[in-house]
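What follows is a single structure, written as structure tokens, with notes after it.
The values are calculated or read from the model by the stated rules, or taken from the named source; none is laboratory data. Since this is a predicted model, take the numbers as computed values, not measurements. Neighbour counts run over all protein chains shown; Cβ positions are idealised from the backbone, glycine included. Remember, those area values only see protein heavy atoms, side chains included, never the ligands or the DNA or RNA. Shrake-Rupley method; radii C 1.70, N 1.55, O 1.52, S 1.80 Å.
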Amino acid sequence: MQQVVNVQEPVITPRRFKVYQHRQLDKIEALNKVPADMRFEMKVVANVLPFRVNEYVFNELIDWENVPNDPLFQLTFPQKDMLEPSAFQRMADLMSGKHTTNEVFDLATQLRDEMNPHPAGQMQMNVPHVDGEPLPGMQHKYRETVLFFPAQGQYCHSYCTFCFRWAQFVGKATRFNSNDADQLHRYLAQHKEVTDLLVTGGDPMVMRTRKLQHYLENLLKPEFEHLKTIRIGTKSLTFWPYRFITDPDADDLLRLLEKLVSAGKHVSIMAHLNHPNELRTEVCQEAVRRLRNTGVQIRCQAPLLRHINDDPDDWATMWQKQVSLGMIPYYMFVERDTGAKRYFEVPLEQTWEIFRKAYQQVSGIARTVRGPSMSAGPGKVEVQGVTEIAGEKVFALRFIQGRNPDWVQRPFFAKYDPNATWLNDLKPAFGEQKFFFEDEYAQMSAMD
Ligand SMILES: *Cc1c(COP(=O)(O)O)cnc(C)c1O
């Protein structure tokens with residue numbers, strides 16, 4: 001292929017994927033530089049919350065001179081304050097004395113149960129059925145989009161400390177899964193209203209290309225004509241970019257994506273990007289370039305998190321960098337009410353301020369991003385801002401997505417509350433008893 005601009009294709013040396021989980025914390029050499037008491041704290045937390053990190057992440061993305069404040073360190077390594085003080089103390093006490101593996105396991109299970117492991121009714125609501133049979137590996141919440149959780153993709157190249165799906169990575173928590181591509185195909189064939197499939201996890205990019213092919217290639221058949229868009233949610237661009245370059249089936253993967261695109265599907269990689277540092281490496285940029293050459297789009301999304309990216313300049317830099325690399329800023333989320341939320345949470349007002357200050361710094365090309373958005377039970381609710389109406393200070397809100405599509409894009413208002421961090425902290429403004437969608441949502445919840 002002729003290069004129009006003078007871009008040298010970098011030579012990327014293949015790297016073997018090597019991952020460390022909580023029992024191997026001591027084997028991570030870089031951690032020898034952190035004080036022993038901090039290592040102990042990390043082990044305490046890693047007994048409760050998922051821990052998994054690969055060498056690329058700690059060698060290339062973390063600046064060890066900046067530990068513990070480094071954003072990528074905070075993103076992947078457990079920190080003491082991620083547990084409630086009393087929970088931390090109980091686990092630390094157990095580990096300091098004589099203890100059995102079972103005792104640790106039982107306490108961990110108990111502490112996890114106290115951390116709202118399944119937010120927004122995820123386990124009960126939105127599970128679709130085909131021929132009367134429930135499909136636990138799918139969610140169908142918004143009319144036009146089906147979420148699919150392929151069974152083999154329910155883990156990641158590394159785990160994020162804030163992940164709202166953390167519960168499925170630890171203990172014996174019920175997992176979403178499905179090993180049945182048939183069920184997916186049957187359901188989609190019967191639901192002509194569905195235009196979008198969102199393949200998610202975990203991270204579907206941990207799967208071999210052959211598996212992905214099994215799920216996706218069938219969608220080119222005429223009975224899936226109505227399915228226009230295939231999205232794949234992934235963190236692999238920054239946690240394991242070799243997936244697209246030097247892994248044995250990297251080229252097959254690119255060819256698969258190319259095939260979907262040339263058959264007329266819109267393919268969008270939904271890249272999870274928390275911090276501009278993730279985009280610094282040559283290997284990541286090369287992965288982006290190779291993906292883009294297949295004709296897929298890359299859209300970027302992430303929650304706003306204290307300790308990681310609660311600085312408007314980081315967001316502005318990140319969005320601009322995304323645009324420079326040919327990626328599309330898509331969502332800024334509000335951290336969900338689960339797991340270590342208290343460690344990461346930022347009040348809604350401050351979240352909106354950070355969004356606003358970042359948004360003001362970029363041109364319209366990067367303003368494809370929407371947010372801050374809460375993925376709550378009734379839908380995706382965007383905080384449009386704090387304002388004053390008829391003497392009352394309020395939050396202006398709108399649905400970006402709703403369980404009822406008719407809710408979308410209707411402005412509504414909540415009483416100003418400087419401490420609110422989530423939709424369920426908010427009360428209707430102007431002395432009203434309920435938000436406009438509440439009765440209908442209660443009915444839907446009762447039926448589900
Ligand atoms: C965010 C989300 C989608 C996709 O919504 P878009 O606004 O189309 O990006 C679909 N299903 C669920 C459950 C979601 O949370």
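Is it fair to say GLU60 is buried (at least 18 other Cβ atoms within 10 Å of the Cβ), touching a Ser or Thr at 6+ places or on another chain (Cβ under 6 Å) and not in a loop (DSSP other than H, G, I, E, B)? Walk me through how you get there before you give the answer.
On the way: buried (at least 18 other Cβ atoms within 10 Å of the Cβ): yes; touching a Ser or Thr at 6+ places or on another chain (Cβ under 6 Å): yes; not in a loop (DSSP other than H, G, I, E, B): yes.
So GLU60 passes the test.
Looking at THR200, THR238, which is the one that is within 25 Å of the chain's Cα centre (by Cα), within 20 Å of GLY153 (Cβ to Cβ) and more than 16 Å from the ligand (Cβ to nearest atom)? Even if it seems obvious, please write down each step before you answer.
Working: THR200 fails: more than 16 Å from the ligand (Cβ to nearest atom).
Sole residue among the options that is within 25 Å of the chain's Cα centre (by Cα), within 20 Å of GLY153 (Cβ to Cβ) and more than 16 Å from the ligand (Cβ to nearest atom): THR238.
Restricting the range 304-350 to residues that are aromatic (Phe, Trp, Tyr) and touching a residue at least 60 places away in the same chain (Cβ under 8 Å), which is most open to solvent (accessible area, probe 1.4 Å)?
Ranking the qualifying residues of the range 304-350, first place goes to TYR330.
Quick test of your reading of the structure: HIS226 fulfils all but one of (1) outside any loop (DSSP other than H, G, I, E, B); (2) open to solvent by 20 Å² or more (accessible area, probe 1.4 Å). Name the failing condition by number.
(1)
Scan the range 383-433 for residues that are acidic (Asp, Glu) and assigned to a loop (DSSP other than H, G, I, E, B) and jot them down.
Just the residues of the range 383-433 that are acidic (Asp, Glu), to begin with: 388, 392, 406, 417, 425, 432.
Residues satisfying the conditions are ASP417, GLU432.
Take the range 179-223 and flag every residue that is open to solvent by less than 10 Å² (accessible area, probe 1.4 Å) and part of a loop (DSSP other than H, G, I, E, B).
VAL194, GLY201, ASP203, MET207
Let me confirm something: among ALA340, ALA316, which residue is among the hydrophobic types (A, V, I, L, M, F, W, C), in contact with a helix residue (DSSP H, G or I) (Cβ under 6 Å, 6 or more places away or on another chain) and modelled with pLDDT under 95? Even if it seems obvious, please write down each step before you answer.
Working: ALA316 fails: modelled with pLDDT under 95.
Of the residues listed, the single one that is among the hydrophobic types (A, V, I, L, M, F, W, C), in contact with a helix residue (DSSP H, G or I) (Cβ under 6 Å, 6 or more places away or on another chain) and modelled with pLDDT under 95 is ALA340.
Residues being farther than 24 Å from LYS341 by Cα, in contact (Cβ under 8 Å) with a residue 40 or more places away in the chain and of a type in the set (A, V, I, L, M, F, W, C): count how many of those fall in the range 393-410.
0
Which one is surrounded by the most Cβ atoms within 10 Å (Cβ to Cβ) among residues in the range 78-121 that are touching a residue at least 40 places away in the same chain (Cβ under 8 Å) and in a loop (DSSP other than H, G, I, E, B)?
Result: LEU83.
Suppose the filter is within 14 Å of CYS163 (Cβ to Cβ), open to solvent by 10 Å² or more (accessible area, probe 1.4 Å) and within 16 Å of the ligand (Cβ to nearest atom); does GLN301 pass it? Give the derivation first.
Details: within 14 Å of CYS163 (Cβ to Cβ): yes; open to solvent by 10 Å² or more (accessible area, probe 1.4 Å): yes; within 16 Å of the ligand (Cβ to nearest atom): yes.
So GLN301 passes the test.
For the range 284-298, what are the residues that are open to solvent by 10 Å² or more (accessible area, probe 1.4 Å), in contact with a Phe, Trp or Tyr (Cβ under 9 Å, 6 or more places away or on another chain) and not charged (D, E, K, R)?
Correct list: empty.
The rows are residues; the columns are (1) touching an Asp or Glu at 6+ places or on another chain (Cβ under 7 Å); (2) free of Cβ contacts under 8 Å to residues at least 40 places away in the same chain.
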site	(1), (2)
ILE365	no, no
GLY371	yes, no
GLY379	no, no
GLY391	no, yes
PHE412	no, yes
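Does the range 125-165 hold any residues that are more than 12 Å from the ligand (Cβ to nearest atom), open to solvent by 20 Å² or more (accessible area, probe 1.4 Å) and over 28 Å from LEU305 (Cβ atoms), and which are they?
Selection gives HIS129, ASP131, GLY132, GLU133, PRO134, PRO136, ALA151, GLN152.
Here's the yes/no breakdown for (1) charged (D, E, K, R); (2) open to solvent by 10 Å² or more (accessible area, probe 1.4 Å); (3) touching a Ser or Thr at 6+ places or on another chain (Cβ under 9 Å):
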site	(1), (2), (3)
PRO10	no, yes, no
ARG16	yes, yes, no
VAL19	no, yes, yes
LEU25	no, no, no
ILE28	no, no, no
ASP37	yes, yes, no
PHE40	no, yes, yes
ALA46	no, no, no
ASN54	no, no, yes
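For LEU426, state whether it is open to solvent by less than 20 Å² (accessible area, probe 1.4 Å) and over 30 Å from GLU84 (Cα atoms). Steps first, answer last, please.
Details: open to solvent by less than 20 Å² (accessible area, probe 1.4 Å): yes; over 30 Å from GLU84 (Cα atoms): no.
So LEU426 fails the test.
What number of residues within the range 358-402 are within 15 Å of TRP319 (Cβ to Cβ) and open to solvent by 20 Å² or more (accessible area, probe 1.4 Å)?
Within the range 358-402, residues that are within 15 Å of TRP319 (Cβ to Cβ) and open to solvent by 20 Å² or more (accessible area, probe 1.4 Å) number 9.
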